[in-house]
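**Student:** Sharing a structure below in structure tokens format, with a few things to ask.
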Amino acid sequence: MISFKDQKMTESSNAMWGGRFAAGPDAIMEAINASIGYDRRLAPQDIEGSRAHAAMLAAQGIIDAKDAEEIRKGLLTVLSEIEGGTFEFSTALEDIHMNVEARLKQLIGEPAGRLHTGRSRNDQVATDLRLWVRDQCDATDAALKALIEALLGQAEAGADWVMPGFTHLQTAQPVTWGHHMMAYVEMFARDRARFANARKLMNESPLGAAALAGTSFPIDREATAQALGFDRPMANSLDAVSDRDFALEFLSAATICAMHLSRLSEELVIWSSAQFRFVAMSDRWSTGSSIMPQKRNPDAAELIRAKIGRILGANVALLTVMKGLPLAYGKDMQEDKEQVFDAADNLMLSLAAMTGMVADMTAQPDNLRAAAASGFSTATDLADWLVRALGLPFRDAHHVTGSLVARAEEKGCDLPDLTLDDMKAVHDGITEDVFGVLTVENSVASRTAYGGTAPDNVRAQIARWRDALK
């Protein structure tokens, strides 16, 4: 069990700060100043960065090899204690960096004091958070890939199932279930690209920039950058310690992804309702009512739909924190981590839940087809036929079709149910051939232009994406 250990400032923080301060802050200052309650999540990255830094210091002859080895072993012990839940964190020591360093000193003594040579907490925290966000980009990419694979499974199963396509949530034209699923594949694939781009842009190392001006020690920043998997060290020490663009880019990508998840969630809520019955949601992702035994609520979809609020809020919050900060580091920037952690946690949870829902849901092809055949969904096909077969200008064909829709409304039927005489009464050039374009199956089959809903198109896109995911 990880516990917090309150210590007197004279025994802890003052020792870390040296002799500059005679008395410690009171409890309120300690509470507002401390970040260990949340930045302890950076422990693996903090220790990874410290190990790389110590090895570089030894390689450069700044500390001796024996001290570097003691530091390496001590840091591994600290990491083991943290992972094992036996490490005692102290709020008086403020943050993960000082907690680790204080415990390291307890373990190995004087060599621990040499670890901070040539660096500052400013470049240390920038490195730690950058490493954490980089790892999160990788985890998010894997989660998005799993969701895309679930969507591909649904698209493949229903490549030729006809359903209504909507604009303004009104029946517009028939599309296929597979085509609709593939629209979300495209969306989430763009999300993967955004996270990949954010990862690429952030993959520079702040370590060695020190407080803001660099260091006079002969450090090798290329070596620490390489050891930590960065492409290169950041070129400007002021920028290195003050930049949080990488966190904002992650939050921006997360916000757009959460918006996509919210849109899909909304459709699942609508589709699973008694009024639509397009899909049946698995019991694993639904709940019941405390008083209404017939209810089957799509709670998982509704909760995912709401997560955009928290994730967008984190994005706006960090933008607001950063917008007025002069170079280089300000304590304001301590507020970055809670926003990033909360957004990342909620995005990962949402992606996992959505993947489960999509994989488990069962589409209802008969209901989809019946809905597609209602609402005059093939009116555009009729207008197109008038253009092709009779040579009418499209605007004239649009007018004729509108008149035929009005006639069908008067008769209480749909367009395919009108008689040929009904149609000739509006335009006497219409022939029996028109009925060939008025079925929803023929409608979707005719949409063969690239990006269209024709089943063959859908299968080709599925194959393309399956190859891309290999």
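**Student:** Roughly how many Å² of T355 are accessible to a 1.4 Å probe, to the nearest 10?
**Tutor:** 30 Å²
**Student:** OK, next. If we restrict to alpha carbons, what Rg and Dmax does region 85-218 come to, in Å?
**Tutor:** Radius of gyration, then largest Cα-Cα span, for region 85-218: 24.9, 75 Å.
**Student:** Rounded if a/c is under 1.5, else prolate if a/b beats b/c, else oblate: with a ≥ b ≥ c from the C-alpha gyration tensor eigenvalues square-rooted, which is region 322-408?
**Tutor:** Numbers: a/c = 5.64, a/b = 2.21, b/c = 2.55.
Judged from the Cα gyration tensor, region 322-408 comes out oblate (a/c at least 1.5, b/c at or above a/b).
**Student:** Can I ask one more? In the chain, if the dipole is taken from +1 on Lys/Arg beta carbons and -1 on Asp/Glu beta carbons about the Cα centre, which of A155, A172, T86 is farthest to the positive end?
**Tutor:** T86
**Student:** Another question, then. Using only Cα atoms, figure out Rg for the chain and give it as a multiple of 2.2 N^0.38 Å. Can you show the working numbers first?
**Tutor:** Numbers: Rg = 30.7 Å, N = 470, 2.2 N^0.38 = 22.8 Å.
The reported ratio for this selection is 1.35.
**Student:** Counting pairs on different chains as well as pairs 8 or more places apart, how many Lys pairs in region 299-442 have Cα atoms under 26 Å apart?
**Tutor:** Details: K307/K323; K307/K337; K323/K331; K323/K337; K411/K424.
Eligible lysine pairs with Cα atoms under 26 Å apart amount to 5.
**Student:** Taking 0.36 nm per residue of sequence separation and subtracting the Cα-Cα distance, how much length would be gained by fully extending the chain between T117 and D26, in nm to one decimal? Working shown, then result.
**Tutor:** Values: separation 91, 0.36 × 91 = 32.76 nm, distance 2.99 nm.
Computed gain between T117 and D26 is 29.8 nm.
**Student:** Take the alpha carbon gyration tensor of region 374-469, find the square roots of its eigenvalues, order them as a ≥ b ≥ c, and report rounded if a/c is under 1.5; if not, report prolate when a/b exceeds b/c, else oblate. Provide the component values of the computation, followed by the final result.
**Tutor:** Working: a/c = 3.01, a/b = 2.21, b/c = 1.36.
Since a/c reaches 1.5 and a/b is larger than b/c, the shape of region 374-469 is classed as prolate.
**Student:** Which of rounded, prolate or oblate describes region 253-380 when judged by the alpha-carbon gyration tensor and an a/c cut-off of 1.5? Numbers along the way, then the final one.
**Tutor:** Working: a/c = 3.53, a/b = 2.15, b/c = 1.64.
Prolate.
**Student:** I need the Kirkwood Rh of region 27-114: take the reciprocal of the average 1/r across all distinct C-alpha pairs and report it in angstrom.
**Tutor:** Working: mean 1/r = 0.0746 Å⁻¹.
Its Kirkwood hydrodynamic radius stands at 13.4 Å.
**Student:** How much length would be gained if the chain were fully extended between V405 and R277, taking 0.36 nm per residue of separation minus their Cα-Cα distance, in nm to one decimal?
**Tutor:** Numbers: separation 128, 0.36 × 128 = 46.08 nm, distance 2.62 nm.
Gain on extension, V405 to R277, equals 43.5 nm.
**Student:** Toward the positive end of the charge dipole of the chain, about the Cα centre and with charges on Cβ (Lys, Arg +1; Asp, Glu -1), which of A43, V316, V279 goes farthest?
**Tutor:** My answer, from the dipole projection, is A43.
**Student:** Averaging sequence separations of C-alpha pairs under 8 Å and six or more residues apart, then dividing by the length of the chain, give the relative contact order as a whole percent.
**Tutor:** Working: 688 pairs, mean separation 75.5, N = 470.
Here the relative contact order equals 16 percent.
**Student:** Same structure again: Per residue, how much accessible surface does the chain expose to a 1.4 Å probe? Answer in Å², no decimals. Walk me through the numbers on the way to the answer.
**Tutor:** Working: 21800 Å² over 470 residues.
With all protein chains present, the chain gives 46 Å² per residue.
**Student:** Determine the order of E335, E410, E94, E81 by accessible area, beginning with the largest, at a probe radius of 1.4 Å. The partial results should precede the final answer.
**Tutor:** Details: E335 80, E410 155, E94 15, E81 35 Å².
In descending accessible area the options line up as E410, E335, E81, E94.
**Student:** Okay, next question. Roughly to the nearest percent, how much of the accessible area of the chain is carbon and sulfur, given a 1.4 Å probe?
**Tutor:** Carbon and sulfur: 53 percent of the exposed surface of the chain.
The values are calculated or read from the model by the stated rules, or taken from the named source; none is laboratory data. Every value quoted in this text rests on a predicted model; they were computed, and no experiment measured them. FYI the Cβ positions are ideal-geometry reconstructions off the backbone, even for glycines, and counts take in every protein chain you see. What goes into the accessible areas is simple: the full protein's heavy atoms, side chains included, and nothing from ligands, DNA or RNA. Shrake-Rupley method; radii C 1.70, N 1.55, O 1.52, S 1.80 Å.
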